[in-house]
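Reading through the structure tokens given below for one structure.
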Amino acid sequence: MDKPLEKIDSELHSKLKLLMFSRVLFTSFLLGSTIIFQLGTSDSFLAVSLLVLYGMIGGIFLLSCIYIILLAFIRDSLVFAYIQVAVDTGIVSLIVFVTGGYTSVFSFLYLVVIIYSSILLPRWGVLAIAAICSIQYGVMIDLEYFEIITPMVLEGSLSAISFPGKSVLFKVMVTIVACCAVAILSGFLAEQTVKTKKELQLLEDQVKRVEKMAYMGEMAAGMAHEIKNPLASLAGSIQLLREDIQYDPYHDKLMQIALRETDRLSELVGNFLLFARPQAGKIETIDLRESIREVLELFGKNSECSSRISISANMAAGVWIEIDPVHFHQVFWNILLNAAEAIEQEGRIDIRLYESRNNTAILEIEDNGCGVPEETLKMIFDPFFTTKATGTGLGLSIAHSILETYGYLLSVESTVSRGTVFTLKVNRAAPPQPVG
Ligand code: ADP
């Protein structure tokens with residue numbers, strides 16, 4: 001599921017600030033060192049080539065000031081990123097033009113622009129920037145070749161030698177290929193970085209959750225045991241009283257209520273103990289696709305939600321994992337039931353099972369229900385956290401602690417009004433060998 005838009009926008013906003021700062025620093029250094037080099041070969045501080053370089057540094061400072069002001073007003077950071085990167089391609093063309101055109105040593109700056117655009121823009125946006133760079137460079141060198149424009153010649157630059165006509169096409173082609181290759185490569189690397197960051201974030205969340213649960217579990221287990229015994233004596237005593245005293249419909253009704261409530265409390269305490277110390281299961285190697293199908297069949301028959309919700313399952317075959325089938329049933333049923341309850345009227349649940357890297361398999365359960373606000377998403381695995389009138393808030397915490405005992409990862413992503421996706425990451429096991 002996508003990240004919330006505000007989060008992406010604020011990340012982009014900070015990256016844009018860094019870009020604006022780096023631009024001023026980098027161009028000042030680059031053009032400043034060119035000026036120092038020029039001063040060594042020129043007689044005057046006010047030679048035309050130097051004036052142009054002064055002007056460019058001033059222009060970039062001015063542009064950065066305008067960007068800083070605009071940053072406070074522009075709502076859509078992505079559009080602003082496109083504008084800045086596109087303007088940067090123009091600045092690079094200008095730098096190449098004033099430093100010798102074909103002979104300029106600064107044509108590599110196009111690659112710098114493409115590389116940082118991959119940090120800001122989506123993949124196809126980076127390719128578009130690479131195309132814009134290629135077009136600008138190609139057109140400029142062609143115009144120079146046909147003598148329609150004459151680039152500025154810096155003192156001591158290579159332009160003093162004759163224009164090597166034959167290799168023009170070759171140089172333009174090499175630059176274009178380099179732009180495209182860098183765009184593809186840096187786009188790929190940027191995507192990998194985002195993926196890795198996301199995985200790390202999920203792991204970090206998981207570790208925090210496990211630490212918190214271990215602490216709560218220890219406390220809870222002690223308390224639950226203390227409650228369970230007096231509760232059993234209470235229920236037993238009322239039962240005896242009910243049998244011994246003379247029948248009175250009013251008293252009998254009161255005792256029935258007391259028994260029902262002690263039953264409810266006992267079940268709650270039992271569930272709570274399950275969260276605190278999940279019972280060790282009988283581990284078997286199960287075919288995940290088959291187990292999911294079994295639960296789905298049962299869910300279709302039993303759940304009142306099944307008539308208004310369509311469930312689609314896209315599952316890879318031959319994914320075996322080690323788990324107690326009862327535990328898997330309990331975990332999957334709970335997630336499925338929550339998904340169904342999150343859908344108010346008609347909706348959809350998509351189940352996806354696929355193989356992943358490092359001998360792991362991923363099971364995703366996605367619904368298009370009400371979703372969970374970002375501030376409550378952190379709490380949904382906490383025991384007793386519920387938003388339902390009759391919920392216990394124990395389902396997900398039990399599921400989490402059960403999976404925890406197997407070392408499997410359960411994570412969640414959600415967007416309000418769009419839906420929720422639970423992701424279960426499990427280690428694959430070898431299929432069981434046939435007996436005999
Ligand atoms: P319960 O179902 O008894 O409330 P759970 O631990 O199973 O307890 O779930 C805790 C809370 O997490 C739910 O009350 C609900 O607010 C939220 N939740 C769980 N799954 C989903 C989902 N698929 N969509 C929206 N909210 C969910």
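General remarks:
- Debye log10 I(q)/I(0) at q = 0.11, 0.14, 0.16, 0.22 Å⁻¹ for the stretch 303-436, Cα point scatterers: -0.41, -0.66, -0.86, -1.49
- Linear extension gain, Ile83 paired with Lys282, 0.36 nm per residue minus alpha-carbon span: 65.6 nm
- The helix-only estimate of mean residue ellipticity at 222 nm for the chain, built from DSSP H runs of length n ≥ 4 each weighted as -39500 (n - 2.57), is -22500 deg cm²/dmol after division by the residue total.
- Between the stretch 342-390 and the stretch 26-78, the Cα center-to-center distance that results, in Å: 52
- Most mobile of Val421, Val112, Val319 in a GNM of the chain (Cα contacts under 10 Å): Val112
- Only the Cβ atoms of Lys and Arg (+1) and of Asp and Glu (-1) were treated as charged; on that basis the dipole of the stretch 178-220 about its Cα centre amounts to roughly 100 debye.
- Förster-model FRET efficiency, 25 Å R0, Val416 and Ala313, C-beta, rounded to 0.05: 0.45
- Counting protein heavy atoms only, the chain has 64 percent of its accessible area on carbon and sulfur, 1.4 angstrom probe.
- Greater than 32 Å apart at Cα, pairs in Lys195/Lys282; Lys228/Lys253; Lys253/Lys378; Lys212/Lys282; Lys197/Lys282; Lys198/Lys388: Lys195/Lys282; Lys253/Lys378; Lys197/Lys282
- Mean accessible surface per residue for the chain, computed with a 1.4 Å probe while every protein chain stays in place, in Å²: 57
- For the set Tyr116, Tyr110, Tyr145, solvent exposure ranked by accessible area (probe 1.4 Å, protein chains only) runs largest to smallest as Tyr145, Tyr116, Tyr110.
- Computed with every protein chain present, the accessible area of Glu204 is close to 90 Å² [probe 1.4 Å].
- Residue of Phe26, Phe106, Phe61 that the Gaussian network model of the chain assigns the largest fluctuation, springs spanning Cα pairs under 10 Å: Phe26
- Think of each Lys and Arg Cβ as +1 and each Asp and Glu Cβ as -1; about the Cα centre, that makes the dipole of the stretch 226-288 roughly 160 debye.
- Here the chain is assigned +1 on the Cβ of each Lys and Arg and -1 on the Cβ of each Asp and Glu. Its dipole about the Cα centre then comes out at about 900 debye.
- The chain shape via C-alpha gyration tensor axes, a/c threshold 1.5: prolate
- Paramagnetic reach from Glu341 in the stretch 388-425 [backbone N under 17 Å; point 7 Å along Cα→Cβ]: 388-401, 420-422
- Per-q log10 I(q)/I(0), the stretch 176-252, q = 0.15, 0.24, 0.25 Å⁻¹ (Debye; single scatterer per alpha-carbon; no solvent): -0.78, -1.03, -1.06
- Oblate is the label for the stretch 10-162, because a/c, from the alpha-carbon gyration tensor with a ≥ b ≥ c as root eigenvalues, is 1.5 or above and a/b does not exceed b/c.
- Report note on the peptides 177-186, 384-393: ranked by the mean count of other C-beta atoms within 10 Å, highest first, their order is 177-186, 384-393.
- Rounded to the nearest 10 degrees, the inclination of helix 123-145 to the longest alpha-carbon principal axis of the chain is 10 degrees.
- C-alpha long axis of helix 249-276 to longest principal axis of the chain, angle in °: 40
- With respect to the chain, whose longest principal axis is taken over its alpha-carbon atoms, helix 5-41 is tilted by about 20°.
The values are calculated or read from the model by the stated rules, or taken from the named source; none is laboratory data. Computed from a predicted model, the values in this text were never measured in an experiment. Reconstructed Cβ throughout: ideal geometry from the backbone, glycine too, with neighbour counts over all protein chains shown. Note: areas computed on protein heavy atoms with side chains; ligands, DNA, RNA excluded. Shrake-Rupley method; radii C 1.70, N 1.55, O 1.52, S 1.80 Å.
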